[in-house]
Ligand code: E4P
């Protein structure tokens, strides 16, 4: 399973990249706004900066909701860097845009996915990645992991090549379950990645090893 970081914060992207486990980055308009990145030129520059840090796919989301607008934005984004993946919402014009991009060799990430039906349409359109939002489903009392399981089963049965990119990840357990249920990629905040490291027995075990070593060395 590939690890993407879900942020537009350059420091966090660098920190995750320095771990040596990072395969890519996902952003969305809210994450860009959170970093204060507004305006066409600033947005383009920021995507370039991300691509310079990480040697992997970088999802850049279109703002338009009509076909022509998505095409114009997506082509501009894709031309920025070979690692840019155009992120498109699962709406009617979005599916049309994904089919258009697929036919022209432009890679896509179909976003805001909350159902297996949406996942089937996106795969038919040839999306490179599909982003089911686990956390937002959990937030409204639906089991996000069940959706990952269902899509993984459908894609395996049908032989779809679209990669399942588990998104809206909130905690380390979402990462573990995504791996267990067959996600190809997980995109997560830095806190969830670092959360994978945590175990009290690791901490107490390490403290004991260091104490024992210090005692023996002092003899
Ligand atoms: C990434 O592709 C998604 O836009 C992101 O994971 C959404 O996460 P959120 O539900 O925490 O906003």
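Identify the single condition in (1) buried (at least 17 other Cβ atoms within 10 Å of the Cβ); (2) in contact with a helix residue (DSSP H, G or I) (Cβ under 8 Å, 6 or more places away or on another chain); (3) more than 28 Å from residue 46 (Cβ to Cβ) that residue 182 does not satisfy, given that it satisfies every other one. All conditions pass for residue 182, except number (1).
Within the stretch 106-114, is there a residue that is out of contact with any strand residue (DSSP E or B) (no Cβ under 7 Å at 6 or more places or on another chain) and either modelled with pLDDT of 95 or more or closer than 19 Å to residue 84 by Cα (or both)? No: the stretch 106-114 contains no residue that is out of contact with any strand residue (DSSP E or B) (no Cβ under 7 Å at 6 or more places or on another chain) and either modelled with pLDDT of 95 or more or closer than 19 Å to residue 84 by Cα (or both).
Taken as a whole, the structure places residue 126 among residues that are on the phi > 0 side of the Ramachandran plot and in contact (Cβ under 8 Å) with a residue 24 or more places away in the chain. Residues considered: 10, 19. Of these, the only one that is away from the ligand (no atom under 15 Å from the Cβ), within 18 Å of the chain's Cα centre (by Cα), under 26 Å from residue 191 (Cβ atoms) and loosely packed, with under 14 Cβ neighbours inside 10 Å is 19. Pairing each residue of the stretch 25-36 that is within 21 Å of residue 56 (Cβ to Cβ) and more than 10 Å from the ligand (Cβ to nearest atom) with any residue that is modelled with pLDDT under 95 and not in a helix (DSSP H, G or I), provided the two are 6+ apart or on different chains, yields C-beta distances under 8 Å for 32/38. When you go through (1) closer than 19 Å to residue 192 by Cβ; (2) without any contact (Cβ under 8 Å) to a residue 40 or more places away in the chain; (3) within 13 Å of the ligand (Cβ to nearest atom) one by one for residue 143, which number turns out not to apply? In the conditions (1) closer than 19 Å to residue 192 by Cβ; (2) without any contact (Cβ under 8 Å) to a residue 40 or more places away in the chain; (3) within 13 Å of the ligand (Cβ to nearest atom), residue 143 misses (3) alone. A residue that is under 30 Å from residue 9 (Cβ atoms), without any contact (Cβ under 8 Å) to a residue 24 or more places away in the chain and within 17 Å of the chain's Cα centre (by Cα) occurs nowhere in the stretch 150-163.
Exactly one residue out of 186, 169 is touching a strand residue (DSSP E or B) at 6+ places or on another chain (Cβ under 6 Å), part of a loop (DSSP other than H, G, I, E, B), within 11 Å of the ligand (Cβ to nearest atom) and modelled with pLDDT of 95 or more: that is 169. Can you name every residue in the stretch 115-158 that is crowded, with 24+ Cβ neighbours inside 10 Å and closer than 22 Å to residue 75 by Cβ? Passing the criteria: 122, 127, 129, 130, 131. Considering the stretch 83-114, the residues that are surrounded by fewer than 24 Cβ atoms within 10 Å (Cβ to Cβ) and in a strand (DSSP E or B) include one that is nearest to the ligand (Cβ to nearest atom), namely 112. Could you go through the stretch 126-140 and let me know if any residue there is under 22 Å from residue 39 (Cβ atoms), in contact with a helix residue (DSSP H, G or I) (Cβ under 8 Å, 6 or more places away or on another chain) and part of a loop (DSSP other than H, G, I, E, B). Checked against the condition, which is being under 22 Å from residue 39 (Cβ atoms), in contact with a helix residue (DSSP H, G or I) (Cβ under 8 Å, 6 or more places away or on another chain) and part of a loop (DSSP other than H, G, I, E, B), the stretch 126-140 yields no hits at all. Taken over the stretch 37-82, the criterion of being in contact (Cβ under 8 Å) with a residue 24 or more places away in the chain and part of a loop (DSSP other than H, G, I, E, B) is satisfied by 37, 54, 55, 56, 62, 63, 65, 66, 81.
The values are calculated or read from the model by the stated rules, or taken from the named source; none is laboratory data. Nothing here was measured: the structure is a model prediction, and the numbers come from that model. Every residue, glycine among them, receives a Cβ derived from its backbone with ideal geometry; neighbour counts consider all protein chains shown.
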